[in-house]
Amino acid sequence: MKPAQKAKYNLTEGGILKKLLLVAVPIMGTQLTQMAYNLTDMFWLGRVGSNAVAAVGSAGMFMWLSFGFILLGRMGAEIGVSQSLGREDKTTALAFSQNAMVISATLGLIIGLVMIFFNKQLISFFNFREQSVADTAAEYLMIVGFGMPINFIVNVVAGTYYASGNSRIPFIFTALGLVINMVLDPVFILIMGMGARGAAIATIIAQIVSGVAIILALFFHKSRPFEKYSFVFKPEIVKIRQLFKWSIPISLESLLFCFLTMITARIEASFGANAIAVSRLGVQIESLSWLIGGGFGSAMVAFVGQNYGARKWERIGKGTKIGSGVMLIWGSLITALFILLGAPIFSIFFPGGTDLIALGRQYLLILAFSQLSMNLEAVAAAWFRGIGRTMPPSMVSITCNVIRPPLALILSRTSLGILGVWVTITISSFLRGAWIFIWFLIASRREKG
C-alpha cells in the first residue's frame, strides 16, 4: 500500500467522523447489498406464492446459523489485524489474517457438506404443516450448501480489509454479486419456472463470481492490505488459539441467537405458512436497521482496535460519542419508518395479499419499539470487541435472548396469538441493547480512569 493510501486508511489520525464514515459507509453499503440479495429473492418468490417465501425464508435461517461459524474466523481477523496495524506490526497482522483463513476454510467445507447431505433432517426442525414447504426448503438448502466454502473465505478477506480501514473493496465486489443476482433471479424463478430452486442457483452463481473477484483483489489490487499475501504458509497454533479466544464468545452469541430464533420460528410455523412468510420477510425488512447498525459496528471495531493498539484512549472516547450520535439518528429514522409505512412496505412484496399486508404492518409496528436500543447496542458492543473484551456483549446478548422462546410460547397462547411472539422479540431486543450500552458507559469511564 502506498504512503498516501496508508494515511487514508490509518484510523489513528485525522478527523474522527470522516474516518469513521470512510470505513462505515462502504460496510453499510455491503450490508445493504446483503439485505438486497435476500429481498430480491423474496420479491420474485412473492410472485410465486407465500409457500415459496416461507420455504426460502426458513432455509435462510440455517444460512444465518452458519454465520455464527463464519464469525470464528472473521471477527478474529478484524480484532487481530486492526490491533496489530495500530501497533504498526504488519507481520503479525498478516499472520492473524492467514490463520483466520485456515479456520474459515475448514469450517466452510464442513458446514457446506452438512447442508448438502442432511438438508431434509435440518428442515424437519421446523415441523411445517405443509409438506410442500418442507420439500422446497430442503432443496434450497442443499443447493446453497455448495457456496458455503467460498462464503466463509470471503468473510475473512472482508474482515481483513475492514481492519485495515479499507471497506470500499468488499463493497464493490459484493455489489457486483447483487447485480448478477438481480439479473438472474427473475430469469430462473419466473421465466424458467424454477421457483425457489432458481433463487438458490442465482445466489450461488452471484456468490462465486463476487467471491473469486474479492480474493483476487487481496492478491493483486493496488490498495490491498498487504504487499504479499499467500495461502501457502505454516499455521501457528498460538495465533489460532488467540483468534478463538477473541471470537468464540461472539460466535456462541450469534449461534445461540440464531438457534433461539429458530425455536421461535417453530412457534410461528404453528400459525401456518402466512405467519411464517410475514415473519421471514419482516426479518429481512428489519435487517435494514440491524445490518446498518452492524456495519457501523464493524467500522467501530476497526477504529477502536487500531486506536487501542496505538493507546489513544481520548480518540476512542470521542469516536464512540460520535458513533452513538449517528446510531441514535439512524434508529429514530427506522422507528418512524416502521410505524408510518408498514403496510406500503409489505404491499411491495405481497401485491393483492390483504391479510398478509395487514399482518406485516402489525409486525413492523411492534418491532419499531426496539430499534433505538438495538442500534446503540452496535456501538457499545464494538467498543468492547475493539479492545479485545468480547465476553461482555456476548454474555448480555445470550442472557437476553434465552428468554425469547419460553416467553414467546407463553404469549402466543394468549389472545395475542402470533403477535405475542413478536412482542417477545421486541422486549428481549430492547433489554439487550439497554443493558450493554449502560455497561459500556460504566466500563469506558473506568478504562479512561
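Quick rundown of the values:
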item: Among (1) modelled with pLDDT of 90 or more; (2) under 29 Å from residue 278 (Cα atoms); (3) within 21 Å of the chain's Cα centre (by Cα), the one test that residue 382 misses; result: (2)
item: Filter result for residue 326 (surrounded by 24 or more Cβ atoms within 10 Å (Cβ to Cβ) and closer than 20 Å to residue 15 by Cβ); result: no
item: One residue from 77, 105, 36 being closer than 28 Å to residue 265 by Cβ and touching a residue at least 40 places away in the same chain (Cβ under 8 Å); result: 36
item: Entirely in segment 39-141, the helices (runs of 4 or more DSSP H) that have 3 or more residues that are open to solvent by 10 Å² or more (accessible area, probe 1.4 Å) and within 21 Å of residue 208 (Cβ to Cβ); result: 50-86, 90-117
item: Residue in segment 265-273 that is in a helix (DSSP H, G or I) and over 30 Å from residue 49 (Cβ atoms) present; result: no
item: The one condition in (1) within 30 Å of residue 359 (Cα to Cα); (2) open to solvent by 60 Å² or more (accessible area, probe 1.4 Å) that residue 405 fails to fulfil; result: (2)
item: Candidate set: segment 217-264, residues that are assigned to a helix (DSSP H, G or I) and hydroxyl-bearing (Ser, Thr, Tyr); chosen: the one farthest from residue 411 (Cα to Cα); result: 247
item: Residues located in segment 92-108, provided they are more than 20 Å from the chain's Cα centre (by Cα) and aliphatic (A, V, I, L, M); result: 93, 94, 95, 102
item: Residue in segment 218-225 that is loosely packed, with under 14 Cβ neighbours inside 10 Å and either touching a residue at least 12 places away in the same chain (Cβ under 8 Å) or of a type in the set (A, V, I, L, M) (or both) present; result: yes
item: Among residues of segment 408-440, those that are in contact (Cβ under 8 Å) with a residue 40 or more places away in the chain, open to solvent by 20 Å² or more (accessible area, probe 1.4 Å) and closer than 22 Å to residue 386 by Cα, counted; result: 3
item: Which listed residue is among the small types (Gly, Ala, Ser) and under 21 Å from residue 41 (Cα atoms), from 217, 199; result: 199
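For every residue, the table says whether it meets (1) of a type in the set (D, E, K, R); (2) buried (at least 23 other Cβ atoms within 10 Å of the Cβ); (3) out of contact with any Gly (no Cβ under 7 Å at 6 or more places or on another chain); (4) modelled with pLDDT under 80.
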site: 258; (1), (2), (3), (4): no, no, no, no
site: 270; (1), (2), (3), (4): no, no, yes, no
site: 282; (1), (2), (3), (4): no, yes, no, no
site: 288; (1), (2), (3), (4): no, no, yes, yes
site: 292; (1), (2), (3), (4): no, yes, yes, no
site: 295; (1), (2), (3), (4): no, yes, yes, no
site: 300; (1), (2), (3), (4): no, yes, no, no
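The values are calculated or read from the model by the stated rules, or taken from the named source; none is laboratory data. In this text, all values refer to a predicted model and were calculated from it rather than measured experimentally. As a convention, Cβ positions derive from the backbone with ideal geometry for all residues, glycine included, and neighbour counts pool all protein chains shown. Accessible surface areas use protein heavy atoms only, side chains included; no ligands, DNA or RNA. Shrake-Rupley method; radii C 1.70, N 1.55, O 1.52, S 1.80 Å.
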